1. Per residue, how many Å² of accessible area does segment 2-262 show with a 1.4 Å probe?
2. Taking only Cα atoms of segment 47-123, what ratio of Rg to Rh do you get with Rh as the Kirkwood inverse-distance radius?
3. Springs between alpha-carbon atoms under 10 Å, Gaussian network over the chain: tell me which of Y158, Y69, Y246 tops the mean-square fluctuations.
4. Work out how much length T215 to R167 would gain on full extension: take 0.36 nm times their residue separation and subtract the Cα-Cα distance, in nm to one decimal.
5. Over segment 172-212, what percent of the accessible surface lies on carbon and sulfur atoms, probe 1.4 Å?
6. Of the cross-linked pairs K60/K90; K155/K240; K122/K192; K27/K62, which ones have a Cα-Cα span greater than 21 Å in the structure shown?
7. Which FRET efficiency value, to the nearest 0.05, do you get for I41 and K244 by plugging their Cβ-Cβ distance into 1/(1 + (r/R0)^6) with R0 = 30 Å?
8. Do the sum for the chain: with -39,500 (n - 2.57) for every DSSP H run of n ≥ 4, divided by all residues, what is the mean residue ellipticity at 222 nm, to the nearest 500 deg cm²/dmol?
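The values are calculated or read from the model by the stated rules, or taken from the named source; none is laboratory data. Keep in mind that this is a model prediction, so the values were computed, not measured. Cβ atoms come from the backbone with ideal geometry, glycine included; neighbour counts cover every protein chain shown. Each accessible area value is taken on the protein alone, full model and side chains, heavy atoms only, with ligands, DNA and RNA left out. Shrake-Rupley method; radii C 1.70, N 1.55, O 1.52, S 1.80 Å.
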Amino acid sequence: MEIIITSDYEDMSRVSAEYIAREIKNKHDLVLGLATGDTPIGTYKHLINLHNEEGLDFSKVKSFNLDEYVGLAPLHVNSYNYFMRENFFKHVNINQENVFVPQGHIDDPEQFSFWYESQIQKAGGIDLQVLGIGRDGHIGFNEPGSSFASRTRVKALYKQTIEDNARFFNHIDEVPRFAVTMGIGTILESRKILLIANGRSKADVVAQFIEGPVTSQVTASALQLHCYATVILDEDAASKLTRKEYYNWVRDNKHMVQKRVGR
Ligand code: F6R
C-alpha cells in the first residue's frame, strides 16, 4: 500500500483529484469506481474544476458507484443516485449511458446485484476504484464481518453506520437499514484502488486498517491484499499511524523507487 499524507482536506482533495485525472488522461475510456459521502466531495469539486479549466474529458469514462440505500428512489434527496448527480455527474461531460449507480428502489435487489456485477464484467472490470472509509472500517457498505470473497449484494447496516449517516436525515428512524453494495471481492478485483480519508474521527480506523491485522472485522484491511492500493490522508486521519516517517520518506523519494522498478 502506498500511503500519501497531505496537510489538510483541501490538499487531500486536490492530490486525489490529480491522481484520478492522470488515470483518465492515460486511458480515456477508464472504468472508474466511485464513492459517495462527505470525504469525496472536495475531490469531485477539483475534478469538476479540471474539467472546466483544463478540459479533462469524461466523455468515454464509464463509472460504477459502490452502493445505494435499499428503499430510496433515485430522485430521493438522500439517495446516492441523487448525491452523485448533484455533486458530480451534472457538472462534467460524462455520458449518462456510461453511468451505473446501484438501484435500491426495486422489487428484487438480489437480482439487481447479479445484473450489476455482470455490467462491471461487460465493461472489462474496474480500472480504478475510489473508496472512503466508515468509522467501523467499512468500504462500500461492507460492514464488519463481511466476507473478503463477497460480491454485490444486500447488506444490513451496522449501528454505528446508521448513527453516522443520520446527520443527512431528519430523524435517525428514517435512515435505511439495508444497502446494495459492491462486495469486498468485487472491490479487490479493481486494477487500482484509491482510498481517501480525512479528519480525527477516522484516525483510529485508518491506523487499524493500514497497520493492524488483515481481518473481516475491519473490512478496509482487505486492501493489504491488493497489489496496487494507494491511500491519501490528511494529517488528522494519519495522526495515529506509527510509521508516518517511513511513508513520507517513500513519498518524497518515489522517483528513486520508480526508477528501480521501471514504472
Ligand atoms: C459511500 C461509501 C461509504 C463511505 C463511508 C465514509 O459510497 O461507500 O463506505 O465512503 O461511509 O463516509 P464519509 O465520507 O461520509 O465519512
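1. On the way: 11930 Å² over 261 residues.
Roughly 46 Å² per residue, with all protein chains present.
2. Values: Rg = 13.6 Å, Rh = 13.4 Å.
Dividing the radius of gyration by the Kirkwood radius yields 1.01.
3. Among Y158, Y69, Y246, the largest mean-square fluctuation in the Gaussian network model of the chain belongs to Y246.
4. Numbers: separation 48, 0.36 × 48 = 17.28 nm, distance 2.86 nm.
The span from T215 to R167 would gain 14.4 nm if fully extended.
5. 47 percent
6. On the way: K60/K90 15 Å; K155/K240 30 Å; K122/K192 18 Å; K27/K62 11 Å.
Violating the 21 Å Cα-Cα cut-off are K155/K240.
7. Details: r = 26 Å, r/R0 = 0.85.
Given R0 = 30 Å and the Cβ-Cβ separation, E is 0.70.
8. Working: 9 runs with 92 residues, N = 263.
Rounded to the nearest 500, the figure is -10500 deg cm²/dmol.
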